[in-house]
Amino acid sequence: MPATLDVSCPNCEKTIKVPAELEGKKIKCKGCQNVFAIAAPKKPKPAAKPAAKSPPPPKAAEPEKPKSPFLDEDDDENLPAGVAPKPMAVIREEEAPRCPHCAKDLDPPDAVICKNCGYDNVKRLKYETKKVIASDASDWASHLAPGILAVIIIIALIVVDIVCWVNMSGWMAEGALQKEEKNAVTGDVEFYVKPGAFIAFIIAASLVVIIPAARFAIRRLIYNVKPVEKVKK
């Protein structure tokens with residue numbers, strides 16, 4: 001089939017089909033009898049080539065985000081890319097009294113001395129702490145025995161003084177210190193040395209032992225009743 005062209009009359013704008021070989025020649029319009037030349041069809045302009053894409057501008061370095069004070073630096077660095085670090089959870093603790101020095105709970109809550117670090121909450125001083133071995137029955141026996149022995153000695157000397165007080169005159173009767181004549185007024189036996197002098201001497205000698213023994217017994221059995229602590233090595 002021969003190629004045809006669609007031509008529009010410039011006078012009546014009627015579209016006429018003509019053979020393609022008449023391109024550039026004059027023809028007569030069948031409608032209005034107008035004579036006009038067939039113009040060559042406009043060739044389509046070649047498509048413009050797309051402009052070469054320019055390389056994207058370099059990305060600006062992202063500012064370093066400030067690290068949260070609630071995150072561990074080591075954990076933050078070891079996290080894989082794209083994984084957000086987990087914030088540290090806040091744990092509420094009981095409002096129990098704590099030692100201002102070591103921050104541990106006071107036991108009991110109104111304790112003056114902290115048993116963990118030895119801090120004095122009243123004087124605001126820290127005492128030295130040490131680990132000791134608990135005292136057993138043998139420690140108590142060896143610690144209290146001297147005090148008990150001192151009490152026994154005191155009691156024995158008091159008994160001796162009482163016995164001498166009561167029986168000294170009888171012991172001295174018919175002895176070398178007894179006088180042959182009796183008291184003219186009372187009729188009692190008289191001695192060159194009165195029995196009271198011996199009794200006073202015995203009591204005085206007893207007191208030399210009783211007084212320090214009583215002090216020792218009071219310190220050991222009342223003030224220092226606990227055995228000496230043994231430091232744990």
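Of everything in the range 171-215 that's surrounded by 17 or more Cβ atoms within 10 Å (Cβ to Cβ) and not β-branched (Val, Ile, Thr), which residue is nearest to the chain's Cα centre (by Cα)? Only one residue fits best here, namely ALA213. The residue that is farthest from PRO100 (Cα to Cα), counting only those in the range 127-155 that are in a loop (DSSP other than H, G, I, E, B) and of a type in the set (D, E, K, R), is ASP136.
When each of VAL132, VAL112 is tested for being touching a residue at least 40 places away in the same chain (Cβ under 8 Å), farther than 30 Å from ALA197 by Cα and either among the β-branched types (Val, Ile, Thr) or in contact with a Gly (Cβ under 9 Å, 6 or more places away or on another chain) (or both), the lone residue that passes is VAL132. The set of residues in the range 107-116 that are surrounded by 13 or more Cβ atoms within 10 Å (Cβ to Cβ) and at pLDDT 80 or above comprises ALA111, ILE113, CYS114.
When MET168 is tested against (1) hydrophobic (A, V, I, L, M, F, W, C); (2) surrounded by 15 or more Cβ atoms within 10 Å (Cβ to Cβ); (3) closer than 30 Å to ILE218 by Cα, exactly one condition is not met: (3). Residue pairs whose Cβ atoms lie under 6 Å apart, sitting 6 or more positions apart in sequence or on different chains, and linking a residue in the range 190-208 that is outside any helix (DSSP H, G or I) to a partner that is among the basic types (Lys, Arg), are GLU190/LYS179.
The values are calculated or read from the model by the stated rules, or taken from the named source; none is laboratory data. Computed from a predicted model, the values in this text were never measured in an experiment. Backbone-built Cβ (ideal geometry, glycine too); neighbour counts: all protein chains shown.
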